[in-house]
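Shown next, in structure tokens, is the structure this report addresses.
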Amino acid sequence: MFAKLGLILLILVFGLLAFAGGMMAPDAWRAPLQDVAARWRDAAPSVAAHVPATAASSATPSQAATTVSTNALLVTNDVAQAAPAAGQPAYALQLGQFVTADDAGPLEQQAQALGLPLTRIAATDPDRTAWTILAAGRFPSPAAAQDAAARVQATLRLASTPVIRLPADGKPSS
């Protein structure tokens, strides 16, 4: 009991001494550290090779005629099964999921400038919340989409781009 209390007090005293030492440190010591911290914080992430642009289009992405479930867009391990007889499924990279269609605008403009074929998908989640999903590309397989994911993420500075299955009527606009 006393050992734990002593350890806690030791940590608090050390923290107070470190704080006081930092506050009393001369400006000549603090300035270089603040410069390094500012450069590190403001540094832009490194960008990999540019994604080759296909023909750029000024057309706006198509809006899906019907609303789909967000669960229907997820790609799971069963993708390797035979495609349905009606036709091959198409896959894309999800660039973002937005509460309103207007929220997708800035990212959509950035992707259009690169000439990426875009698709807007109106979707609802299991709680019946409406979403607008912005997807890039039209790939024949999840592996083909995954191959392009790193380039798209680096170019658009996105943390991730999950592979999704496009709805049957989801056609890219460019």
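Residues that are at pLDDT below 80, surrounded by 10 or more Cβ atoms within 10 Å (Cβ to Cβ) and in contact with a strand residue (DSSP E or B) (Cβ under 6 Å, 6 or more places away or on another chain): find the helices (runs of 4 or more DSSP H) completely inside the stretch 1-78 holding 3 or more of those.
Numbers: elements: 2-24, 27-42, 70-73.
In the stretch 1-78, no matching helices (runs of 4 or more DSSP H) lie anywhere.
Restricted to the stretch 141-156, and to residues that are over 15 Å from residue 88 (Cα atoms) and among the small types (Gly, Ala, Ser), which residue is most open to solvent (accessible area, probe 1.4 Å)?
Narrowing the stretch 141-156 to residues over 15 Å from residue 88 (Cα atoms): 146-156.
Within this subset, residues satisfying the condition of being among the small types (Gly, Ala, Ser) are 148-150, 154.
Values: 148: 8, 149: 2, 150: 67, 154: 21 Å².
This residue is 150.
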Residues within the stretch 104-140 that are open to solvent by less than 10 Å² (accessible area, probe 1.4 Å), within 18 Å of residue 91 (Cβ to Cβ) and not in a strand (DSSP E or B), tallied: 1
Candidate set from the stretch 141-165 (those that are in a loop (DSSP other than H, G, I, E, B) and at pLDDT 85 or above); member that is farthest from residue 123 (Cα to Cα): 157
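The values are calculated or read from the model by the stated rules, or taken from the named source; none is laboratory data. Please read all numbers here as calculations on a predicted model, not as lab measurements. So basically every Cβ, Gly included, is an ideal-geometry build from the backbone, and we count neighbours across all protein chains shown. Just so you know, the surface numbers come from the protein's heavy atoms only, side chains and all, with ligands and any DNA or RNA stripped out. Shrake-Rupley method; radii C 1.70, N 1.55, O 1.52, S 1.80 Å.
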